[in-house]
Amino acid sequence: MSEHDTSPNLDNLFAAYTSGGPLVVPPGVAAARQVARRRRTARIVASGVLAAVLVATPAFAGTWLDREPPVPPAGTPTPTSPATTAPTPSICDSAFAIRCESPSVTSSPAAPPPNGRIGEKELGNATLDLPAWPAYLREHCPTGRVRFSDGRAQLSPDADLQVKILQVVHADLDRDGAPETAALINCGGLEMSESRVLAFDRNQSDAIVTTGLVVAETGDIAGIQRIRPAGSAVEAEVVDFSSDGIPDSLAQHQWRAYSWSGASFVQSGGPTVFPANPRITDLSISGGQLRLARVDDDQAEGVLSLIIGNQGPQPATEPQVRVHFPAGFDVTPLPRGCSRFVSSDRTITLTCRLAALAVTETVALDLSVSVRRPGLGAGKAGEYRATVFWSGSEGATYPEPNGTHRNSLVTDSLIVTD
């Protein structure tokens, strides 16, 4: 028998493996394998064949190379692979490995983003972080951690101003697949009011947190009327004029969109400025130095002529002139449509209602002014201040076009001459 006849028939073994048959060989072959194993280093061709078989079945490689398989008694059924506590050697660590690929790493799924949809009732009874209000409201409107009840909060029970949640909408503002909440909030009272839009979300602990300030009454925005969701943005209806007593029809309205940039909210749509408002008009007033002639040592008199005009672009239905004089001065007789108010410090305020002014029309207002003081001497006796404005039906002053306020006021000297 040749040396090669003592080695196992590899073709038969491979065929048995692929067909599912037993891999155990008869006892006579097991004895011959001991000799074949000592001489394996000289058989390069056989090793190459073994490598191909071992790549196909790592378990078979471990059994074949590490030790001889035990010979079962005759009639013993083919055993199934028992569970083992020892790890099976990786074929990638074997000297016979031909090609290995790194196993894919399965990462645990990321936690879903918090649901930031907060209802108006829940938001109105939560503790919220409110950024600081403008300087003129900071002593009246609460900031920082503020506890709301029924959608309201205030610094104290007797505070003049109150913070209110006016409207709540929902949108996926940070585009994380979960909705957030935007709220229109106002702090106001009888004499002052201001609105802003804030965004809220929940953190991983389900607590309500403030995302940021969406839009406030800054620049040419004089008021915020309402809000609405628009995709991943919030749209706000803003106006160029907003005040008690001014008809809503006077203001211009725009919808402007605001989106989260990753650090803050920025305008992402809609107009950025208001055009000149065609519903308001530019009123002007002019006058000059008033020289009063002395009547005696205690009194002087003179006539102050004021010129009021309408520069357009529309008629002014109810223009008014208001003139302030220092103590000791008076206007007699009062012109038609004028009334006098004397303050506690004896200063005089004269208010005169004029007839409607068409565009480019002017009118003169002549005031007979006198001053009475003991020992009145010649020289400057004070200053007057006159303003023109358009008053609404409830007494509020109509605004003027931007940049036209200076011509609505005149101040000059009151001089007594000999």
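The values are calculated or read from the model by the stated rules, or taken from the named source; none is laboratory data. Predicted model, so just to flag it, every value in this text is computed and none were measured. Neighbour counts run over all protein chains shown; Cβ positions are idealised from the backbone, glycine included. Only protein heavy atoms, including side chains, enter the accessible area calculation; ligands, DNA and RNA are left aside. Shrake-Rupley method; radii C 1.70, N 1.55, O 1.52, S 1.80 Å.
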Taking 7 Å along the Cα-to-C-beta vector as the label spot, tell me the D418-N402 distance in nanometres, rounded to one decimal.
5.4
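Per residue, how much accessible surface does region 307-404 expose to a 1.4 Å probe? Answer in Å², no decimals. Don't skip to the answer; put the middle values down first.
Working: 5060 Å² over 98 residues.
Averaged over the residues of region 307-404, the accessible area is 52 Å².
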Residue separation between L190 and A126 times 0.36 nm, minus their alpha-carbon distance, gives in nm 20.4 nm
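With a 1.4 Å probe and all protein chains kept in place, how do W133, W255 rank by accessible area, largest first? Don't skip to the answer; put the middle values down first.
Numbers: W133 5, W255 65 Å².
Final ranking, largest accessible area leading: W255, W133.
Ignoring ligands, DNA and RNA, please state the percent of accessible area on region 154-295 from carbon and sulfur, probe 1.4 Å. Mind dumping the intermediate values first?
On the way: 3090 of 6440 Å².
Roughly 48 percent, rounded to a whole number.
Give the accessible surface of region 152-243 per residue, rounded to a whole number of Å², with probe radius 1.4 Å and ligands, DNA and RNA excluded.
Counting only protein heavy atoms, the per-residue value for region 152-243 is 44 Å².
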Enter the Cα centre distance for the pair region 151-178 and region 357-379, rounded to the nearest angstrom.
52
Estimated FRET transfer efficiency when R0 is 60 angstrom, pair T351-N203 (beta carbons, to 0.05):
0.55
Residue list for region 297-334, given a label point 7 angstrom along the Cα-to-Cβ vector of R291 and an amide N cut-off under 15 Å
301-305
